[in-house]
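The values are calculated or read from the model by the stated rules, or taken from the named source; none is laboratory data. Everything numeric here is computed off the predicted structure, so don't read it as measured data. Please note: Cβ atoms are built from the backbone with ideal geometry, for glycine as well, and neighbour counts cover all protein chains shown.
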Amino acid sequence: MKYLVPLLTILLVAACSSRPTTSGIGVEQASQQYNQQLIVNNPELGKKLAITDVKTRQTNGLTDVVVTLASQYKKSQYLQYQFTWYDADGFVIRGNHSPWQPITLFGFAKTQLPGLAPTANAVTFSLAVREVSTEAQEFED
Amino acid sequence: MKLLSVKSAAAVAMTSALLLSGCANKAVVSYGDAQAVETTDINFGSTDLQKVASQMTDSLLASPVVGTMTANTRPIVFVERIKNKTSEHIDTESITDSISTQLLRSGKFRFVDMTRVEAVREQLNFQNVDPLVDPNTAIAFGQQVGAQYMLYGNLSSIVKSNADKADVYYKFTMRLMDLKSGLVEWADETEIRKTREKSTFGW
């Protein structure tokens, strides 16, 4: 009986936690200088995931980026990533051009996340990586 | 069963009350991120639309052929349509809208809109025929420019399922044709696989 209260509390917390974890890891490029800054807002995910390389070049007059993402975890990870682009003055490029993209990263696998600037005046970027909420969904059939 | 002590009974009652109030079946309205990945079911969804549009635009803008094509000029493109060959109802115009918007925003292409030709004709007729309009300001017929390229594509799917698992595979193909020569100057495809499995710990 003395375990009932903690048990119920755990159930309460587990059953009602409908807000997914939305913090993750990322990389941000300081204006014009290519010294990337890694950001880990979610240490738990930061242990399972690493950003090992960032490459940029110009393709057809647009800034082209690949960020290498490496898994440090044996199981598959269901992730989403999003690039945000900024112009030379640090203003965000407006528009719905870079949505969150889903990606499955297999155990200890490495992959490159490609990003292409939406316009020629987009020169710097930031990238955010976070988990896709994998709560079980209920289906009728 | 022995009677519960007053203390534990109170604790149970309180926790139950919390449980009930916390999870009460109330409707809660909130704004979500329209660009976040959604995994509600395996049908074609917003994430798929955004992924397809963004990958196709990036591929087109980064392709070397397009680099040459857009080096000194902004080619004029018309979007034919995306044929929906899947078993679902998908608004493919929404996909082409996203792609043409992103291409326009890149500043490398110009578009003519074939879906509004009738509306334009009606307006020009009004301007040129109706005595209400000053003839000096009326836009004359025969001044629009012709498209040089045609953008079109296909969306197909393979769906498989058994009692525990459902799997859907989408393939989206896009092509850019030079209308003068009939040559396909650029083509690319993107694939999406979505799987639904029964959760082991579902309740």
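Going by what's in this entry, would A:S98 be described as farther than 15 Å from A:P118 by Cα and either within 15 Å of the chain's Cα centre (by Cα) or more than 11 Å from chain B (Cβ to nearest Cβ) (or both)? Considered against the rule, which asks whether it is farther than 15 Å from A:P118 by Cα and either within 15 Å of the chain's Cα centre (by Cα) or more than 11 Å from chain B (Cβ to nearest Cβ) (or both), A:S98 comes out as no.
Looking only at the stretch B:139-158, decide whether some residue is part of a loop (DSSP other than H, G, I, E, B), polar (S, T, N, Q) and either farther than 30 Å from B:M69 by Cβ or within 14 Å of another protein chain (Cβ to nearest Cβ) (or both). Within the stretch B:139-158, not a single residue is part of a loop (DSSP other than H, G, I, E, B), polar (S, T, N, Q) and either farther than 30 Å from B:M69 by Cβ or within 14 Å of another protein chain (Cβ to nearest Cβ) (or both). Looking only at residues in the stretch A:85-114 that are hydroxyl-bearing (S, T, Y) and in a strand (DSSP E or B), the one that is nearest to B:G45 (Cα to Cα) is A:T104.
Of all the residues that make up the stretch A:81-122, how many are on the phi > 0 side of the Ramachandran plot and among the charged types (D, E, K, R)? Quick ask: steps written out before the conclusion?
Our first condition is that a residue be on the phi > 0 side of the Ramachandran plot; within the stretch A:81-122, this holds for A:90, A:95, A:108.
Among the residues that remain, those that are also among the charged types (D, E, K, R) are: none.
Total meeting the criteria: 0.
Number of residues in the stretch A:61-76 that are surrounded by fewer than 21 Cβ atoms within 10 Å (Cβ to Cβ) and over 12 Å from A:A122 (Cβ atoms) equals 9.
Residues in the stretch B:134-144: is at least one polar (S, T, N, Q) and under 20 Å from the mean Cα position of the chain (by Cα)?
We begin by selecting, within the stretch B:134-144, every residue polar (S, T, N, Q); these are B:136-137, B:143-144.
Filter once more, so that each one left must be under 20 Å from the mean Cα position of the chain (by Cα): none.
Scanning the stretch B:134-144, I find no residue that is polar (S, T, N, Q) and under 20 Å from the mean Cα position of the chain (by Cα), so the answer is no.
Exactly one residue out of B:S63, B:S100, B:S87 is in contact with a Leu (Cβ under 8 Å, 6 or more places away or on another chain), hydroxyl-bearing (S, T, Y) and surrounded by fewer than 21 Cβ atoms within 10 Å (Cβ to Cβ): that is B:S100.
Restrict the check to the stretch A:27-38 and report whether at least one residue is within 18 Å of the chain's Cα centre (by Cα), at pLDDT 80 or above, surrounded by fewer than 18 Cβ atoms within 10 Å (Cβ to Cβ) and in a strand (DSSP E or B). No, because not a single residue in the stretch A:27-38 is within 18 Å of the chain's Cα centre (by Cα), at pLDDT 80 or above, surrounded by fewer than 18 Cβ atoms within 10 Å (Cβ to Cβ) and in a strand (DSSP E or B).
Here's the yes/no breakdown for (1) part of a helix (DSSP H, G or I); (2) within 14 Å of chain A (Cβ to nearest Cβ); (3) basic (K, R):
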position: B:S54; (1), (2), (3): yes, yes, no
position: B:R74; (1), (2), (3): no, yes, yes
position: B:T86; (1), (2), (3): no, no, no
position: B:S98; (1), (2), (3): yes, yes, no
position: B:K108; (1), (2), (3): no, yes, yes
position: B:F111; (1), (2), (3): no, no, no
position: B:T115; (1), (2), (3): yes, no, no
position: B:L124; (1), (2), (3): yes, no, no
position: B:L132; (1), (2), (3): no, no, no
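Going by the conditions given, is B:Q127 over 27 Å from B:S100 (Cα atoms) and without any contact (Cβ under 8 Å) to a residue 24 or more places away in the chain? Yes: the conditions hold for B:Q127. Taking (1) more than 9 Å from every other protein chain (Cβ to nearest Cβ); (2) assigned to a loop (DSSP other than H, G, I, E, B); (3) modelled with pLDDT of 90 or more in turn, A:E140 satisfies each apart from (3). Restricting the first member to the stretch A:114-129 and to residues that are away from chain B (no Cβ under 11 Å), and the second to residues that are in a loop (DSSP other than H, G, I, E, B) and of a type in the set (A, V, I, L, M), the beta-carbon pairs closer than 9 Å and six or more apart or on different chains are A:V123/A:A88; A:V123/A:A117; A:T124/A:A30; A:T124/A:A88; A:F125/A:A117. Any residue in the stretch B:55-62 that is touching a residue at least 12 places away in the same chain (Cβ under 8 Å), among the hydroxyl-bearing types (S, T, Y) and within 13 Å of A:L62 (Cα to Cα)? Yes - at least one qualifying residue is present in the stretch B:55-62.
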